[in-house]
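Notes to accompany the following structure.
The values are calculated or read from the model by the stated rules, or taken from the named source; none is laboratory data. The model shown is predicted, which means the values in this text are computed figures rather than measured ones. Cβ atoms come from the backbone with ideal geometry, glycine included; neighbour counts cover every protein chain shown.
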């Protein structure tokens with residue numbers, strides 16, 4: 001038992017001395033993960049839209065050629081950045097640019113470099129997720145939009161993407177949580193994230209394990225809070241399960257209305273919500 | 001002489017080696033209410049989808065006020081704004097309320113301002129009896145109600161022609177009536193309609209011209225009295241006898 005007491009004492013010692021380093025590390029990690037995920041999602045959405053522009057047999061040959069070229073470029077981008085470790089991508093970008101240009105082109109701030117690497121990495125993953133999200137929306141939605149004269153871009157922005165976004169929210173959440181953890185590799189270019197705080201503290205205190213414990217608890221707390229918030233956002237996006245009848249005439253027929261117990265079945269993770277609704281209804 | 005809206009010449013459509021439509025000639029004039037009947041797989045829906053360019057015909061031409069819309073350089077979106085479509089599976093936008101469904105096209109495509117679009121949408125929603133449900137989402141209303149909203153959505157665009165692709169086929173029997181009533185009202189108000197349907201009573205009592213399709217060709221067409229009272233072709237007689245029982 002005294003080992004745990006020892007650990008607690010060491011952690012207290014670390015925390016009183018280095019808590020500013022840990023806290024600013026947490027702050028930097030969260031900012032980097034958040035900004036990287038948001039920009040990554042934008043890249044993913046742009047790639048997803050470009051990838052799903054319909055090609056019709058009687059299109060202009062130039063349009064066909066450009067679309068084909070765009071798809072090839074996106075394909076290469078996705079394969080390269082999804083297929084190599086982010087830590088090496090950071091090294092390539094941060095040290096490779098000055099190497100090739102004799103210091104003419106280089107990142108002057110590790111923040112810019114880190115955000116660029118995390119964003120394009122997330123974008124490569126999101127490109128495929130967005131494509132999947134778009135494909136998973138019922139084709140009838142596209143036809144409905146086209147039938148009232150919407151262009152491809154209007155169909156996408158008004159009808160398909162809002163639904164695709166809802167479908168891929170779990171994936172975006174996944175990516176954010178992965179980014180919270182994986183930004184720890186950015187110490188390689190000297191980014192002052194939460195893990196860099198660990199390296200700095202143990203360098204001075206030699207308390208490897210207690211500091212690692214602080215890190216573990218810190219990362220888990222961040223990801224748990226993120227999970228919780230993402231679920232909350234998803235629920236908000238689903239909107240209310242009920243609606244108000246706009247009734248000027250009290251005799252308006254109400255046949256055919258019913259309360260929808262949400263899209264999920266009673267057996268999925270939202271079953272609690274379902275039960276509550278059933279109870280409410282009684 | 002009625003003014004011609006659509007003229008379809010020698011239209012053919014193949015999916016791979018399977019020829020679904022063979023050399024179809026067909027016209028739609030202002031005020032026409034045309035029912036297209038025929039067995040499943042006879043090409044009726046494909047014809048309708050070709051007219052709205054949801055399918056690209058293999059050959060032939062579709063003249064809209066004399067201008068071929070299949071020509072390179074014509075904007076399909078612009079053409080579709082004039083030709084409304086009501087689908088078998090409703091295709092209401094799931095991410096919008098009933099009212100938003102009827103407004104979005106007016107705002108994005110016709111560039112109407114919000115108040116005008118709202119007034120216009122409410123006008124047609126009232127016609128189909130859906131004003132109480134303007135805040136509901138498609139998943140919360142019944143099939144018949146969805147189809148009535150879909151009709152209001154198409155009408156709000158002030159189309160010249162309205163195409164119906166088996167509008168009652170996905171509905172429970174007790175909901176078919178409410179949709180047909182709305183369609184009958186539309187027909188009586190002078191709307192130009194092209195209806196693919198299995199509802200023989202509608203074809204007989206509401207439409208002014210009936211087209212019988214069989215095997216990708218127009219087998220016979222004429223007034224409802226001619227087709228239902230005195231069909232000339234043996235295929236038409238066989239097809240109709242299945243509905244009389």
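Looking only at segment A:60-85, count every residue that is within 14 Å of chain B (Cβ to nearest Cβ) and surrounded by 13 or more Cβ atoms within 10 Å (Cβ to Cβ) and tell me the total.
1
Exactly one condition in (1) surrounded by 24 or more Cβ atoms within 10 Å (Cβ to Cβ); (2) over 13 Å from the mean Cα position of the chain (by Cα); (3) not in a helix (DSSP H, G or I) is false for residue B:158; which is it?
(1)
Looking at the structure I just gave you, is residue A:88 assigned to a helix (DSSP H, G or I), under 26 Å from residue A:204 (Cα atoms) and modelled with pLDDT of 90 or more?
For residue A:88, the condition - assigned to a helix (DSSP H, G or I), under 26 Å from residue A:204 (Cα atoms) and modelled with pLDDT of 90 or more - is not met.
Residue A:186 passes all but one of (1) closer than 23 Å to residue A:71 by Cα; (2) buried (at least 24 other Cβ atoms within 10 Å of the Cβ); (3) away from every other protein chain (no Cβ under 14 Å); which number fails?
(1)
Condition first: more than 10 Å from every other protein chain (Cβ to nearest Cβ), in contact with a strand residue (DSSP E or B) (Cβ under 8 Å, 6 or more places away or on another chain) and within 21 Å of residue B:79 (Cα to Cα). Now tell me which residues in segment B:147-164 satisfy that. Before you say what the answer is, go through the steps one by one.
So in segment B:147-164, the residues more than 10 Å from every other protein chain (Cβ to nearest Cβ) come out as B:147-149, B:151-152, B:155, B:158, B:160-162, B:164.
Filter once more, keeping what is in contact with a strand residue (DSSP E or B) (Cβ under 8 Å, 6 or more places away or on another chain): B:147, B:151, B:155, B:160-162, B:164.
If the condition is that a residue be more than 10 Å from every other protein chain (Cβ to nearest Cβ), in contact with a strand residue (DSSP E or B) (Cβ under 8 Å, 6 or more places away or on another chain) and within 21 Å of residue B:79 (Cα to Cα), then B:151, B:155, B:160, B:161, B:162, B:164 are the ones that fit.
Going residue by residue through segment B:166-188, is there one that turns out to be within 30 Å of residue B:103 (Cβ to Cβ), assigned to a strand (DSSP E or B), within 14 Å of another protein chain (Cβ to nearest Cβ) and modelled with pLDDT of 90 or more? Even if it seems obvious, please write down each step before you answer.
Here is the first cut: in segment B:166-188, the ones within 30 Å of residue B:103 (Cβ to Cβ) are B:166-172, B:174-188.
Subset that is assigned to a strand (DSSP E or B): none.
No, because not a single residue in segment B:166-188 is within 30 Å of residue B:103 (Cβ to Cβ), assigned to a strand (DSSP E or B), within 14 Å of another protein chain (Cβ to nearest Cβ) and modelled with pLDDT of 90 or more.
Answer yes if at least one residue in segment A:11-27 is surrounded by fewer than 16 Cβ atoms within 10 Å (Cβ to Cβ), more than 19 Å from the chain's Cα centre (by Cα) and not in a helix (DSSP H, G or I), and no otherwise.
No, the conditions are met nowhere in segment A:11-27.
Tell me which of these residue B:117 doesn't satisfy, since it passes every other one: (1) buried (at least 19 other Cβ atoms within 10 Å of the Cβ); (2) under 28 Å from residue B:197 (Cα atoms); (3) free of Cβ contacts under 8 Å to residues at least 60 places away in the same chain.
Failing condition for residue B:117: (2).
Determine whether segment B:13-21 contains at least one residue that is out of contact with any helix residue (DSSP H, G or I) (no Cβ under 6 Å at 6 or more places or on another chain), touching a residue at least 24 places away in the same chain (Cβ under 8 Å) and not in a strand (DSSP E or B).
no
Could you run through segment B:136-146 and say how many residues are part of a helix (DSSP H, G or I) and either in contact with a strand residue (DSSP E or B) (Cβ under 7 Å, 6 or more places away or on another chain) or within 7 Å of chain A (Cβ to nearest Cβ) (or both)?
Keep residues of segment B:136-146 that are part of a helix (DSSP H, G or I), which gives B:138-140, B:143-146.
Next, from what is left, pick out any that are either in contact with a strand residue (DSSP E or B) (Cβ under 7 Å, 6 or more places away or on another chain) or within 7 Å of chain A (Cβ to nearest Cβ) (or both): B:139-140, B:144-145.
Total meeting the criteria: 4.
For segment B:74-83, enumerate the residues that are at the interface with chain A (Cβ under 9 Å from one of its Cβ atoms) and not in a helix (DSSP H, G or I).
Answer for segment B:74-83, where residues must be at the interface with chain A (Cβ under 9 Å from one of its Cβ atoms) and not in a helix (DSSP H, G or I): B:75, B:81, B:82, B:83.
State whether one or more residues within segment B:103-110 are within 21 Å of the chain's Cα centre (by Cα), within 11 Å of chain A (Cβ to nearest Cβ) and closer than 23 Å to residue A:63 by Cβ.
Looking through segment B:103-110, at least one residue is within 21 Å of the chain's Cα centre (by Cα), within 11 Å of chain A (Cβ to nearest Cβ) and closer than 23 Å to residue A:63 by Cβ.
Can you name every residue in segment A:35-58 that is within 28 Å of residue B:76 (Cα to Cα) and surrounded by fewer than 16 Cβ atoms within 10 Å (Cβ to Cβ)?
A:46, A:50, A:53, A:54, A:55, A:56, A:57, A:58
Can we say residue A:233 is surrounded by fewer than 18 Cβ atoms within 10 Å (Cβ to Cβ) and part of a loop (DSSP other than H, G, I, E, B)?
no
Each row is one residue, and each column tells you yes or no for (1) more than 9 Å from chain A (Cβ to nearest Cβ); (2) touching a strand residue (DSSP E or B) at 6+ places or on another chain (Cβ under 6 Å).
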{"position": "B:53", "(1), (2)": "no, no"}
{"position": "B:62", "(1), (2)": "yes, yes"}
{"position": "B:65", "(1), (2)": "yes, no"}
{"position": "B:69", "(1), (2)": "yes, yes"}
{"position": "B:85", "(1), (2)": "no, yes"}
{"position": "B:92", "(1), (2)": "no, no"}
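Any residue that is touching a residue at least 12 places away in the same chain (Cβ under 8 Å), within 24 Å of residue B:50 (Cβ to Cβ) and not in a loop (DSSP other than H, G, I, E, B) - is there at least one of those in segment B:90-100?
No, segment B:90-100 contains no residue that is touching a residue at least 12 places away in the same chain (Cβ under 8 Å), within 24 Å of residue B:50 (Cβ to Cβ) and not in a loop (DSSP other than H, G, I, E, B).
Given segment A:102-181, what helices (runs of 4 or more DSSP H) lie entirely inside it while holding 1 or more residues that are away from every other protein chain (no Cβ under 14 Å) and farther than 30 Å from residue B:161 by Cα?
A:110-136
How about segment B:138-171: which of its residues are free of Cβ contacts under 8 Å to residues at least 40 places away in the same chain and closer than 18 Å to residue B:196 by Cα?
Passing the criteria: B:144, B:148, B:168, B:171.
For a quick check of your reading of the model, give me the residue pairs whose first member lies in segment B:45-58 and is within 14 Å of residue B:19 (Cα to Cα), whose second is part of a helix (DSSP H, G or I), with beta-carbon atoms closer than 8 Å and at least 6 apart or on different chains.
B:55/B:46; B:55/B:49; B:56/B:50; B:57/B:50
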